[in-house]
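Since every read-out is calculated from the coordinates, none of them should be taken as a lab result. Note that the coordinates shown come from a computational prediction; the quantities given were computed from them, not determined experimentally. In this analysis, Cβ positions are derived from the backbone assuming ideal geometry, glycine residues included, and neighbour counts consider all displayed protein chains.
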């Protein structure tokens, strides 16, 4: 019995020696790996005196949170230029499997906006869209098609000279297609209600409360027909836009339970 216990102790000691520096008592982690990707900045938060945590939507790995450390060559002006919400950048990240946060080794602008940061209406839309993407893609790991949709939509908004008032409405409903719950457009009939849980139109009122009456259901159908090329044809009042925002966010919360409260919503309502 004593001999067997001794053998077991030797086995465990050999096992732990592989993962621990027994003299320094430090864990030996796997080496960091470097990878380059295209990314869209969603949020920047100050962390300590000389660090920032940047939340990205990346093309190759979905959502990513990374640390950017200031140095003599990386001043506050660089941070302001590179890490404003919805800035499109090429970034090199150092990451390790056992670390929650990667480290930003290099970053440079991939697309220079010509109007989005300088026009009040576009900038307000941008802040709303950035927060919306934060919540809608919280658990996204890798979806280059969705990333391309977001990037192309932002570049369209930057270059558009008309028809941007309903951009956020079109963006929200079209993004649901890439997340797997785009409404069934073929089920639409005049006078039908829209079941927000099932994502389809129906001639019968559901037994639950999550549905739109025919008037709002018709707005949902109109929303589904919007594209960047025809967006300027859809004229809406502020009241109509606000109502569509409300049921669009309700639609998302039913399909993404952890979807948070939008802090930028009230600013957008005022436009």
What does the extension gain come out to for residue 265 and residue 138, with contour length at 0.36 nm per residue minus their alpha carbon separation? 43.9 nm
For a protection proxy built on the mean count of beta-carbon atoms within 10 angstrom, sort 188-197, 232-241, 50-59 highest first, please. 50-59, 188-197, 232-241
Label point distance in nm, residue 236-residue 43, each placed 7 Å from Cα along Cα→Cβ: 2.5
Expressed in nm to one decimal, what extension gain is obtained for the pair residue 60 and residue 36 from 0.36 nm per residue of sequence separation less their Cα-Cα distance? 7.8 nm
Express in whole angstrom the spacing between the alpha-carbon centres of segment 238-265 and segment 149-168. 19
How much length is gained if the chain between residue 81 and residue 215 is pulled fully straight, taking 0.36 nm per residue apart and subtracting their Cα-Cα distance, in nm to one decimal? 43.8 nm
Given a Förster distance of 35 Å, the FRET efficiency implied by the Cβ-Cβ spacing of residue 207 and residue 120, rounded to the nearest 0.05, works out to 0.20
